[in-house]
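S.K.: If you scroll down you'll find the structure; I have some questions about it.
Here, each number is a calculation from the coordinates, and none is a lab measurement. Because the structure is predicted, anything quoted here is derived from the model rather than measured. Quick reminder, even Gly has a Cβ in these numbers, built from the backbone with ideal geometry, and neighbours come from all protein chains shown.
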Amino acid sequence: MLVKIRSIANVGLETVPVDVEVDVASAGFPGFTIVGLASKAVEEARERVKTAIINSKLDFPPRKITVNLAPADLPKDGASYDLPIALGVLLASGQLQIPKDLDLKKSFFYGELSLDGTLRPTKGILLLGLFAKKIKASSIFVPLSSAFEASVVEGITVIGLNNLSELIQHLLGNKRIAPIHAG
């Protein structure tokens, strides 16, 4: 199944939207490939994402997984694609369903995962918040330790996450996370 998760690339002070397309195939040899002009840090997301999913007590699918970071001609750098890739794997493998009150086309996911599933402070959160407001996005999901940067931007919902498990519980409706507000 194919899933598209929204994220961004920061090129200097310019913010460009990036679609993180994740396909978990029902046939083919197991593997995990990332394409789309990814840097070494992005390529290493394979191991971070796989281990974070497993250490979050979730199943990593033993299938052929392809991740495309589009547009393909834009260089992608850094570990901020970990969170959208992990979410994409969980959605595309059928382990998680997006709640009806969340519009994936108007939500952005951005953050680096550690091996235990916690989210590390990630650079560029303020730029994400400004970009989200500019294009009238509804919400951004980012590491809690960096969320206050974006909370100064009015008109968007900033959800700060400690770890991957919190995101899953929030999306399942088991434990909703209150938005971060400046102040």
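S.K.: Write out the trypsin sites (Lys or Arg not before Pro) in the stretch 53-145 meeting two conditions: DSSP loop, and at most 10 other Cβ atoms within 10 Å of their Cβ.
M.R.: Working: sites: Lys57, Arg63, Lys64, Lys76, Lys100, Lys105, Lys106, Lys123, Lys133, Lys134, Lys136; in loops: Lys57, Arg63, Lys100, Lys123, Lys136.
The qualifying sites are Lys57, Lys100, Lys136.
S.K.: From Cα pairs below 8 angstrom and at least 6 apart in sequence, can you work out the relative contact order of the stretch 35-158, rounded to a whole percent? Please report the intermediate quantities before stating the final value.
M.R.: On the way: 194 pairs, mean separation 29.8, N = 124.
It comes to 24 percent, rounded to a whole number.
S.K.: Taking a point 7 angstrom from the Cα of Lys4 along the C-beta vector, which residues in the stretch 98-127 have backbone N less than 15 Å away?
M.R.: Answer for this model: 103-109.
S.K.: In nm, to one decimal, how far is the Val11 label point from the Asp73 one, both placed 7 Å along Cα→Cβ?
M.R.: Taking the two extended label points, one gets 1.0 nm.
S.K.: Given R₀ = 22 Å, what would the calculated FRET efficiency be for His181 paired with Lys100, taking r from the Cβ atoms and rounding to 0.05?
M.R.: About 0.35, to the nearest 0.05.
S.K.: Under 11 Å from a point placed 7 Å out from the Cα of Lys136 along the Cα-to-Cβ direction: which residues of the stretch 143-166 have their backbone N that close?
M.R.: Counting only backbone N, you get no residues.
S.K.: Which residue fluctuates most in the GNM of the chain (Cα springs below 10 Å): Thr33, Thr66, Thr51?
M.R.: Most flexible of the set in this elastic network: Thr33.
S.K.: Which of the three applies to the stretch 64-174, rounded, prolate or oblate, going by the alpha-carbon gyration tensor with a ≥ b ≥ c and a/c under 1.5 meaning rounded?
M.R.: Working: a/c = 1.30, a/b = 1.15, b/c = 1.13.
It is rounded, given that a/c, with a ≥ b ≥ c, falls under 1.5.
S.K.: How would you rank Ile135, Ile168, Ile5, going from fewest to most other Cβ atoms within 10 Å of each one's own Cβ?
M.R.: Ile135, Ile168, Ile5
S.K.: Then there is this: What fraction of the DSSP beta bridges in the chain is antiparallel, stated in percent and rounded to the nearest 5?
M.R.: Among the beta bridges of the chain, antiparallel pairing accounts for roughly 55 percent.
S.K.: Going down the table (Lys50/Lys175; Lys100/Lys123; Lys106/Lys133; Lys40/Lys133; Lys50/Lys106), which pairs top 22 Å between alpha carbons?
M.R.: With Cα atoms farther than 22 Å apart: Lys50/Lys175; Lys100/Lys123; Lys40/Lys133; Lys50/Lys106.
S.K.: Could you identify which residue out of Pro71, Pro99, Pro143 has the top mean-square fluctuation in a GNM of the chain using Cα springs shorter than 10 Å?
M.R.: Most flexible of the set in this elastic network: Pro99.
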